[in-house]
Amino acid sequence: MRQETPDLQALVGRLKKVERQNQSLRRVVVTMAVLGAAVFMIGAAQPKSRTVEAEAFILLDANGQQRAKLVAPSGYPGFILYDKNGTPRMRLSVVDEPSLSLYDRNGNLRSKLWLLGDEPAFYLYNESGISRVGLAVIKGESALVLFDRRGKTRVGLGVIGEAEESGLAFLKPDGKTVFHSIP
């Protein structure tokens, strides 16, 4: 029992870190919403009604460098923001479900917030694009999943069932359960 305490403390520490990152992501989403509303209100204040239609809108900086792109390839809209080096850093898109993806300096996917159906999910990825942490609400049940370097589920934590009991499971790399306290 004493050996589990550091693991649980580490798990709690990781959960707090994910919550802080989730808070930062929320700020980005709120900022985007405010900017979108501001653009809409500025457009609404125009006395003339004009429509601009295009397959893509590309925003360039003063040096002619692409900094943002609004496109709808194959009918699926997407908004991409680029850093000063031209690397995609953020993508807001709707294919089947809406999603917000954040990329590192090398253009690798590092975090993603999206709806699976109508259920929210937030994932963190390593530099190779492999899932390491997942946080989701599925059919009203909350879940936190930790993955190993290969993307295999190793720890699951959730609040489940009618009684909203907490459950915890540790798995081996082959997927076999080492320990569980699931009601």
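Here, each number is a calculation from the coordinates, and none is a lab measurement. Computed from a predicted model, the values in this text were never measured in an experiment. Cβ: placed from backbone, ideal geometry, glycine included. Neighbour counts: every protein chain shown.
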Legend entry - Farthest toward positive dipole pole in region 104-183 [+1 Lys/Arg, -1 Asp/Glu at C-beta], among 115, 128, 159: 128
Inset, instruction - Pick out, in residue order, every one of the GluC sites (Glu not before Pro) in region 60-167 that is DSSP loop and has at most 15 other C-beta atoms within 10 Å; say none if there are none. - result: 127, 162, 164
Inset, instruction - For region 54-95, evaluate the Debye formula with one uniform point scatterer on each Cα (no solvent term) and list log10 I(q)/I(0) at q = 0.25, 0.30, 0.34 Å⁻¹, rounded to two decimals. - result: -0.82, -1.02, -1.14
Inset, instruction - Quote the convex hull volume per residue of region 58-157, based on C-alpha atoms, as a whole number of Å³. - result: 100 Å³
Legend entry - Computed Kirkwood radius, in angstrom, where 1/r is averaged over Cα pairs of the chain: 19.3 Å
Legend entry - Dipole moment magnitude, nearest 20 debye, region 54-95 about Cα centre, only Lys, Arg, Asp, Glu C-beta charged: 120 debye
Legend entry - Phi-based couplings in Hz for region 113-120 (Karplus 6.51, -1.76, 1.60; Gly and Pro marked x): 10, 7, 9, 9, x, 10, 9, x
Inset, instruction - Could you sort out which of 16/69; 69/112; 112/152 sit more than 22 Å apart by Cα distance in this structure? - result: 16/69
Legend entry - Dipole in debye (nearest 20) - the chain, about Cα centre, beta carbon charges: Lys, Arg +1; Asp, Glu -1: 760 debye
Legend entry - Projected label distance in nm at residue 176 and residue 119, using a 7 Å step from Cα toward the beta-carbon: 2.8 nm
Inset, instruction - Mind checking the full-extension length gain between residue 25 and residue 39? Use 0.36 nm per residue of separation minus the Cα-Cα distance, one decimal, nm. - result: 2.9 nm
